[in-house]
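These notes are about the structure you will find just below.
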Amino acid sequence: MVPLRHRFAAVALTIAAIFCFPAISDAADGRVSGVVRDAQGNAVPGVTVVVTNQVTHAAQTIVTGTDGGYSATVPTGVYTVAVSLKGFGKQTRKDLEVGAAGAAADFALEPRAEEEVTVTAMLREQNLQDVPFSIVAPTETDLRRAGADDIEDVAANVAGFTVQNLGPGQSQVAMRGVSAGQVVRDQPGVKEQVGAYLDDSIISLSLFTPDVDLFDVGRVEVLRGPQGTLFGAGSLSGTVRYISNQPELGVRKYFGEFGGSFVSGGSVGGNAKFGFNLPLGESAALRVAAYYNHLAGYMDAVQPDLSINEDVNSGDRTGVRASARFGSGNLTLTPRLLYQKVEMDGWNRIDDYNILGNPFTTTRPAVRLGEREQFTQIGEPFSDEFLLADLNIGYRFGSVNFNSITSYTNRDVLVVRDAGALTSSITGGSIGLPANVYTLDAPLDDATEASVWTEELRLSGSSEKFQWVLGGFFSDTRRDYGQDLLVAGFQDLTGIPTQGLRAPKDVLFFSDLGYDLTQFAMFGEGTYSTGDFDLTAGLRYYNFSEDKEQVFDGIFAQDNTGTQIVSQPGSTDASGVAPRFIVSYKANDKIRLNAQASRGFRLGGINDPLNVPLCTAQDLATFGGQENWEDETAWNYEVGAKTRVMGGRGSFNVALYQIDINDLQATVTAGSCSSRVIFNVPDARSRGLEVEFAGAPSENFDFSISGAFNNSELKSSLTSTDSSGNTSIVSGIQEGNRLPTVPEIQIAASATYQWNVTSDAIGYVTGTFQYTGSRFTQIGDQAAGFGTVNLNSFAPNTIGGPLTASTFVFDPELPSYTIVNLRLGMLRGKWDLSLYGNNLTDERAFLALDQERGTRARVGYLTNQPLTIGLTARVNF
């Protein structure tokens, strides 16, 4: 087998060669111009006009001015001109001959539903309303008006789609209530439940989805429900696809965006973004988009001397995406490179209780933390480098299309956490060492490096009544993960030997884990049209295997005799099928009814061994012996309707679903062991309703509102029996308990009004509203008694004791929250200037519960950004 580095080098060389393709065009120019009006003859500004050469397929995009006029300079030839605007039907004029004298094409728009968006959710082009299942696809304009910069911002405007913020660069995506609990950095073997793609290349890795900047992204497709047939193992409950703007042949343009913001109670943020599209002769083009974001900090860290470090969670995100396109006859090559680096100074974590900093102590300084404060002894920097190199080869022979998508991704993540609270709960609480030991600095370094090689081959075609796609997929993943907890000075102060076979002196915990995962799949899907009925059937066969090498050392991992380490290698494999069946009935021009049954899957994995020296006997019996976990599968049953209303200017869509889940991969905290393991819960269920209403009553006003109502719960219980024969529920895994991380109710709404300010300027105002209901972070948060911390659980070694209270009580159910944003802007010529306010009510939302040592060491919450005021300018030139 060819080594990955050689494959990557081949892709890189191909990219370099195409980027250097010489310019060879000196064609004469002409001009296409015209005016766009409505049915009453009024000029319509803000209409998108696309002028495409019918021979070279070179395309140029412009926008009509306040007089409805447009003009584009193009090489002479034969062109297609297409115009589109929300609230109006898309119109196209073909075979327009453009000579040196130019050509004119005027349009009169007719009212039509606002979803004039073409998507590729079924790996073929379709109108959004014609896709026979639940899908949302906010366009570049929608994203810009909402101020969306990353996937979390997208989720805020799409009901039924949630992104749990787990810290910088660590987003956990869920759809339709299917979630097994928060996945954190020290669970590198866990697989994703929602797949994320950049165009046709998968970018989601097991732990978290990279927060790719949305600059120069044409749309984001959110495909609700299992998508395992076409998109594979990571799409158990849905798929997210970033569809980037592709290189445009024959077009030279530049575009940029810059701005600044101020966070209430925090620091200043800003961004600078720039992109361009350049022709490289008649048959090649280059497109580059680069961005820099300075992310404002708003969290303050109280130190042991009670001084405060302000705005500790500031950081930077920098990236560049470069792609080329070369077309010759029926052959098209599209290579691309994406590089992004995120560097953060700290975390968006609120500490509610910290064993080293709390108001209950009488022998340590009392600490009362504010609304957006945490207690730390050291900094907590984070870095995340992400690289994607891919090559899409397309060839058309007759009525059949062939595509090869080759991709290589590499991700290098280094997380530094202040583990002072966790370590002190062991050294001071469990062992009973003095304060000069348990207050030593304890940085916990988590390092992950993952590389993935994928290859997908597809054949597709269509006839008058039948459309089909066949393909094969292969992936090879290598992931290396390690932790080390350095407590400098521990051995000298205590006399306890710490050096093991792999753990250096004063490293109390050490791990080195390696994973090799290969996956193979074959898939196919076809749609047969019989007039008003469309019948779709598809099937995917998959096979995967995973091998894992695990090495653990240090006194927190084993008895530290100095002569052994904990080594637990393992392997797992599985195979299966993921079918899909869809029936779509077009009742009339305004109503389409859909029904489907589909299956999704999530690959299994191998658990880490427990930190045995930290476990009680009961926890060792309850959580031990769980070496592997099995594939998780889900059957989705769904009916829905997509309708056009308001005389064609609006749409009303509804979907009703039930998802039956087998072997849910539940993430649980292993009690006193300071470990996490995965249990398979035999049965769970999610059912719900999604409703979307959108419209554009006039060219001046458009709106959308969506709601998701979900009821997801466990249908099985897991129990444990102690040495006395007493049976108890394991970590809240009890029939009837809710599935975690997803709300029961989610509502998103937006509205935009625009008007003519002057003869050459358009003003607009956009408001967005987001309501997210209550939810839990993990299944175990619903366990009996969870939410009450026994502050004397380490007695007689109570840190800071005697204490003024015996318990600390918190609510593990994260409360609902509401976010309101407003943007006021003006379009004038090449400029788009806007003033915005995000989180206008300064809502402090709890996004996830963050705990250590089963809440005995620390209880905190990840939180959102406070009220933010900013300015943004975008220019096309």
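The values are calculated or read from the model by the stated rules, or taken from the named source; none is laboratory data. This is a predicted model, so every value here is computed, not measured. Note that we place each Cβ from the backbone using ideal geometry, even for glycine, and neighbour counts take in every protein chain shown. Accessible surface areas use protein heavy atoms only, side chains included; no ligands, DNA or RNA. Shrake-Rupley method; radii C 1.70, N 1.55, O 1.52, S 1.80 Å.
The figures follow:
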read-out	value
Gained length - Gln303 relative to Ala272, 0.36 nm times residue gap less alpha-carbon distance	7.8 nm
Within the chain, longest stretch clear of exposed trypsin sites (Lys or Arg not before Pro) (DSSP loop, no more than 12 other Cβ within 10 Å)	466-829
Residues of the stretch 398-417 with amide N under 12 Å of a point placed 7 Å along Cα→Cβ from Ser383	412-416
Normalised contact order of the chain, rounded percent, pairs of Cα under 8 Å and 6 or more residues apart	11
Neighbourhood net charge (12 Å Cβ-Cβ; Lys/Arg +1, Asp/Glu -1) for Ile350	-2
Distance (nanometres) between label positions extended 7 Å along Cα→Cβ at Thr719 and Gln618	1.6
Estimated [θ] at 222 nm from DSSP helical runs (n ≥ 4, -39500 (n - 2.57)) normalised by residues in the chain, nearest 500	-1500 deg cm²/dmol
Length-normalised contact order for the stretch 802-847 - Cα pairs under 8 Å, 6+ apart - percent	38
From the coordinates shown, Cα extents along the principal axes in Å corresponds to which of (1) 92, 54, 52; (2) 107, 60, 55; (3) 100, 70, 64	(1)
Alpha-carbon centroids, the stretch 279-293 and the stretch 501-532: separation in whole Å	32
Nearest 10 degrees, 0 to 90: helix 4-19 Cα axis against the chain principal axis	30
Sites Ser806 and Ala574, calculated FRET efficiency, Cβ-Cβ separation with R0 45 Å, nearest 0.05	0.40
Rounded FRET efficiency, nearest 0.05, which uses the C-beta distance separating Leu457 from Phe533 and R0 of 35 Å	0.70
Size of the stretch 684-803 as Cα extents on the principal axes (Å, biggest first)	83, 41, 14
In nm, spacing of pseudo-spin labels at Leu833 and Glu449 (7 Å Cα→C-beta vector)	4.9
For the chain, with +1 on Lys and Arg beta carbons and -1 on Asp and Glu, the positive-most of Phe509, Leu295, Gly68 along the dipole	Gly68
D (Stokes-Einstein, µm²/s), Kirkwood Cα radius, the stretch 472-552, 0.692 mPa s at 37 °C	190
Cα centre as origin, Lys/Arg/Asp/Glu Cβ charges: the chain dipole, Debye	1920
Average projection area in nm² (convex hull over Cα atoms of the stretch 233-332, one quarter of hull surface)	11.3
Accessible area of the chain belonging to carbon and sulfur atoms, whole % at 1.4 Å probe	54
Volume per residue of the C-alpha convex hull in the stretch 720-877, rounded to whole Å³	171
Solvent-accessible heavy-atom area per residue, rounded to whole Å², over the chain at 1.4 Å	37
